[in-house]
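Enquirer: Attaching a single structure in structure tokens format; questions to follow.
The values are calculated or read from the model by the stated rules, or taken from the named source; none is laboratory data. Being a predicted model, the structure only gives us computed values, none of them experimental. Using ideal geometry, Cβ is built from the backbone for each residue, glycine included, and neighbour counts are taken over all protein chains shown.
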């Protein structure tokens, strides 16, 4: 296994690694920047004046940006969002954190308090018709989420509690069942996650300098050490090339040279490209 730093400046809070059909992207969350990632390094796609938790392509072109406390829908070629779907939460104390899309074109995303007030986080579901539902409360720092469509399962990390949760999901209706503990990490915080083509769950461990790979029953299948203390997200190359792993230097009193860099990690795994938002 090889781990190669991406040729890039460090970022404060790298997050939101996704492998779109057009290639890999990530966000510089607190700076509100969407970045494309390639062999020559990174390039800024866009920058917002609010935190950007994640981004997804849209079925009809353009982008869905999970930013601030809202979802911003940007058309191709537009300089500003054409639609802003607001959660109604206070952007002075709350912000988005992570997101995923499902096969029905829905966008699932989490919000958290800046000060990580216990139990203040929530999970939301945005339908392609722009109707918005708050589907889960009582979590602190929601991360992931990620959906196994073949098995009808949603995974969600409650990072502050060191938990990865799992519950059933009706992909046709978006109905979410009760979430139960899938894995517990006592010495680090599960952050962003991804599923490979075999259905194994990969979790970036903030404060753990490693990735965990979990089998379908929640048992730990493998551990991959990384040369940065706060890994935050992972995305797989559909062709089986090296995965993209992001990290952060946010909150570190003495960050190392590689904290806040992203990495190409050769895991020998693949996954289909991220699904588009249908609205």
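Enquirer: Condition first: closer than 26 Å to residue 250 by Cβ, at pLDDT 95 or above and surrounded by 12 or more Cβ atoms within 10 Å (Cβ to Cβ). Now tell me which residues in region 80-97 satisfy that.
Expert: Those that are closer than 26 Å to residue 250 by Cβ, at pLDDT 95 or above and surrounded by 12 or more Cβ atoms within 10 Å (Cβ to Cβ): 86, 87, 89, 91, 93, 94, 95, 96.
Enquirer: Residue 45 - would you say it is more than 28 Å from residue 172 (Cβ to Cβ) and in contact (Cβ under 8 Å) with a residue 40 or more places away in the chain?
Expert: no
Every residue, every condition in (1) in contact (Cβ under 8 Å) with a residue 60 or more places away in the chain; (2) under 23 Å from residue 198 (Cα atoms); (3) surrounded by 14 or more Cβ atoms within 10 Å (Cβ to Cβ), yes or no:
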| site | (1), (2), (3) |
| --- | --- |
| 78 | no, no, no |
| 115 | no, no, no |
| 124 | no, no, yes |
| 133 | no, no, no |
| 139 | no, no, yes |
| 145 | no, yes, yes |
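Enquirer: Is it the case that some residue within region 212-222 is in contact (Cβ under 8 Å) with a residue 12 or more places away in the chain and within 24 Å of residue 35 (Cα to Cα)?
Expert: no
Enquirer: Looking only at region 231-241, count how many residues are buried (at least 19 other Cβ atoms within 10 Å of the Cβ) and at positive phi.
Expert: 0
Enquirer: Output the residues belonging to region 168-219 that are assigned to a strand (DSSP E or B) and either in contact with a helix residue (DSSP H, G or I) (Cβ under 8 Å, 6 or more places away or on another chain) or over 19 Å from residue 234 (Cβ atoms) (or both).
Expert: Passing the criteria: 168, 169, 176, 180, 181, 184, 189, 190, 191, 206.
Enquirer: Taking residue 228 and the conditions (1) surrounded by 21 or more Cβ atoms within 10 Å (Cβ to Cβ); (2) not in a loop (DSSP other than H, G, I, E, B), which numbered condition does it fall short on, given that it satisfies the others?
Expert: Result: residue 228 fails condition (2) only.
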